[in-house]
1. Just tell me which aspartates and glutamates come within less than 20 Å, Cα to Cα, of K160; anything on the same chain fewer than 8 places away is out.
2. In terms of the Cα gyration tensor, with a ≥ b ≥ c the square roots of its eigenvalues, is the chain rounded because a/c is under 1.5, prolate because a/b exceeds b/c, or oblate?
3. Sort region 215-265 into rounded, prolate or oblate with this rule: let a ≥ b ≥ c be the square roots of the eigenvalues of the Cα gyration tensor; rounded if a/c is under 1.5, and if a/c is not under 1.5, prolate when a/b is larger than b/c, oblate otherwise.
4. Set Lys and Arg Cβ to +1 and Asp and Glu Cβ to -1, take the dipole of the chain about its Cα centre, and tell me which of V54, V154, F361 lies farthest positive.
5. Pull up all non-local amide H partners of Y20: gap of 5 or more, or a different chain, and H-to-H distance under 5 Å with H placed in the peptide plane.
6. Compute the FRET efficiency between S204 and R229 as 1/(1 + (r/R0)^6), taking r as their Cβ-Cβ distance and R0 = 22 Å, and round to the nearest 0.05.
7. So, in nm, how far is label F453 from label D145 when the simple model puts each one 7 Å beyond its Cα toward the Cβ?
8. What distance in nm separates the simple spin-label points at F114 and S55, each placed 7 Å from Cα in the Cβ direction?
Amino acid sequence: MFEADALIRDSYSKFKDKVYQIEATEGPRIIIPVKLIPELKGLPEETLSAYEAVSEALLSKYTHFSAGAHNQTLSKLLKTNLSQRLSRLTPKLKQELEFITAQEFPECEEWTPFKAQPFLVRTVARLSGCSFAGSTLSRNEEWMDTSVNYATTVFIAAIKLQFFPKWMRPVAQYFIPDFYAIPRMVANAQARLTPIIEERLRDSEAPGYEKPDDFIQWLLDALPEEQKRSFGLQAHLQLILAAASIHTTSNLVTDCVYDLATHQDMQEVLRQEAAEVLEGGGDCWHGKDSLARLKKMDSFMRESQRLHGNVTSFIRKVMKPINLSDGTHLPAGTSLLAPLAGVSRDDRFYPGAETFDGLRFWRLQQQQQQQQEQQQNSANGGEVKDASTNANVGNRWQFTSIGDANMNFGLGRHACPGRFFAAAETKLILAYLVLHYDVRLREGEGRPAPAMFMMTKSPSPDAEILFRRRRS
């Protein structure tokens, strides 16, 4: 239950390119090697289902953690409305970051021990809430507590119920207090969201009304007329968004901060880049592509995620029998996983895989750009052109890219639609921290060990690291 990371890595080192089975707390799981992922990732939901696998893992039948018929709506709004507005949202997010830092981060005039993880959870919740629910709700303590604790409550409820056999679960759920807390949280969120939606619906009828630019409004516009006053539905969908975004992003930011404290040479590298891009004259924080130009920080984030990210990925349930090219037969009902913790430390995919190299992916991007420049120059008869103007150069190695050996954000049509927003949030927070603070570990201490529970790994919530405000 507490050693899933070691289980996946040890078993992967033995079997690597073979299909094999592990016995997880949730039941038997078939582990699929990277070489067979291409045969599976394009299969339709009715044959190989991500939705059913996640629903089973979170016991959505009981926790009601599912967007149901609105899943595609949420995904589309994240891919289009949110991702396309990142540059417009950045000034508001920076303002919110400065606000919570002034309120909750210590002065740090000298080296000051501080538990970074709880602060970063609240920071990500505040930034996400600012975009999803608007600044009025994002600064409301009850809304923040509900947004942060909803995901944890659902997860704990599902874990507790999994210890009961399936035939007992319909009754056993009533003996688990967390199942009573979940609807209370939705009701709490609804109570705070309803007046805002009612006001917007009322004001929208006035001439010249200017709609707010946040997820409340985007969802309101996307819902059919008969659901625009379904306040409980909208509250539920907001909490699902919060659950999907807050803890995954705050885990990433915390791991990056722990790696900054561990690999102090990277602080000055990222600081110089952030100063050049964001403070190089003018209001660069608000520039259209400012965060996207933080290439070295992008590489650092991906390297941190590579070594400290998800234990497994590609969670799927076989709905119809599948025969693989290696002769493996997967009967209906089989649960699949990919051994991400093993793949991420495989030298075949990442040379020197056990070593943290913050600029690993930046160098790979540079190499890919040079190769593309050479190809373009040859095609143009030797005329020199700058391939850096091509937005696709090096995309394979970007933090938000996905691939058969890089599945922290999922794969194919089930890839996380909010990963571009998560990347922007993370860059904003890290850039602000490296520009304003030095950070290090306590003398004689190593990088804080992660907390493991079942197949979930998260950075230590109790570790203290040292911060000191930089002097101009």
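What follows is calculated from the coordinates using simple rules that are stated; it is not laboratory data. Being a predicted model, the structure only gives us computed values, none of them experimental. All Cβ positions, even for glycine, are placed from backbone atoms using ideal geometry, and neighbour counts span all protein chains on display.
1. Qualifying aspartates and glutamates at Cα under 20 Å: E3, E23, E26, E52, E56, D178.
2. Details: a/c = 1.33, a/b = 1.05, b/c = 1.27.
It is rounded, given that a/c, with a ≥ b ≥ c, falls under 1.5.
3. prolate
4. V54
5. Residues meeting the amide H criterion: I31.
6. Efficiency computed from Cβ-Cβ geometry: 0.95.
7. 1.9
8. Here the answer is 4.4 nm between the modelled labels.
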